[in-house]
Amino acid sequence: MKKIKLLLPLTFLLFSLSACQSSNQEKEKATTVTTTTQTTQTTSDNVDETKQAGMSLTNIEKGDYTSIIGTWQNELGDTLVFNRDGLDSENLVIQGAFLRESNLELNIVPDGNNDEAYSLILVPANTIIPDSSFISGDGDTSDGKRDRMVATKTQLEGGSHFEHSVFYKISD
């Protein structure tokens, strides 16, 4: 009889402790999930701010030109104007975007004439146009500290012709 009297309180105590432990584990899991979600959200916010600071090739490839909105001009006086949807021009149409190494090439077709199509190479700040994009022996001599673009129908030619042909952003 004494054994039964001792077993009942011990059994009750064990069930109570098990229930408390399960409840505490569920609270810990809920707290962990909440913390993880907050951390992820903060990380996403920081990434968005980084993308908005300069040229975002991944966004442009997807059709979002927000990071390059504005007027771009080269030393020859040629200008390109971009809005949220692409080139702000009635006679220039973007017909494709292709990531190439650390740059993005836009296929530009003037007046719907595919024979006159050319590539506009977008180069973010702190990256270079690879030597493989140039005719042998030439390289990127543009201002690597700035976002820039260069238009070409074939491989790029270096030297002063290249330097004068590079587009830099001049206004928003």
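The values are calculated or read from the model by the stated rules, or taken from the named source; none is laboratory data. As the structure is a computational prediction, the values presented were derived from the model and not from experiment. Because the Cβ atoms are built from the backbone with ideal geometry, glycine has one as well, and the counts that use them run over all protein chains shown. What goes into the accessible areas is simple: the full protein's heavy atoms, side chains included, and nothing from ligands, DNA or RNA. Shrake-Rupley method; radii C 1.70, N 1.55, O 1.52, S 1.80 Å.
Considering the stretch 98-139, and only residues there that are touching an Asp or Glu at 6+ places or on another chain (Cβ under 8 Å) and assigned to a loop (DSSP other than H, G, I, E, B), the residue that is least open to solvent (accessible area, probe 1.4 Å) turns out to be ILE129. The residues on offer are ILE121, ILE135, ILE128, and the sole one that is among the aliphatic types (A, V, I, L, M) and within 15 Å of ASN74 (Cα to Cα) is ILE121. Filtering the stretch 156-172 to residues that are open to solvent by less than 30 Å² (accessible area, probe 1.4 Å), in a helix (DSSP H, G or I) and in contact (Cβ under 8 Å) with a residue 60 or more places away in the chain leaves only SER165. Looking at the stretch 139-163, which of its residues are modelled with pLDDT under 90 and aliphatic (A, V, I, L, M)? Within the stretch 139-163, just LEU156 meets the criteria.
In the stretch 54-97, of all residues being at positive phi and not in a strand (DSSP E or B), the one that is farthest from the chain's Cα centre (by Cα) corresponds to GLY77.
Check the stretch 152-170 and report whether any residue there is in contact with a helix residue (DSSP H, G or I) (Cβ under 7 Å, 6 or more places away or on another chain) and closer than 22 Å to SER67 by Cβ. Within the stretch 152-170, not a single residue is in contact with a helix residue (DSSP H, G or I) (Cβ under 7 Å, 6 or more places away or on another chain) and closer than 22 Å to SER67 by Cβ. Of all residues in the stretch 135-153, those being of a type outside the set (D, E, K, R) and under 12 Å from ILE121 (Cβ atoms) number 5. Restricting the stretch 144-155 to residues that are part of a loop (DSSP other than H, G, I, E, B) and in contact with a Phe, Trp or Tyr (Cβ under 7 Å, 6 or more places away or on another chain) leaves a set whose member that is surrounded by the most Cβ atoms within 10 Å (Cβ to Cβ) is ARG146.
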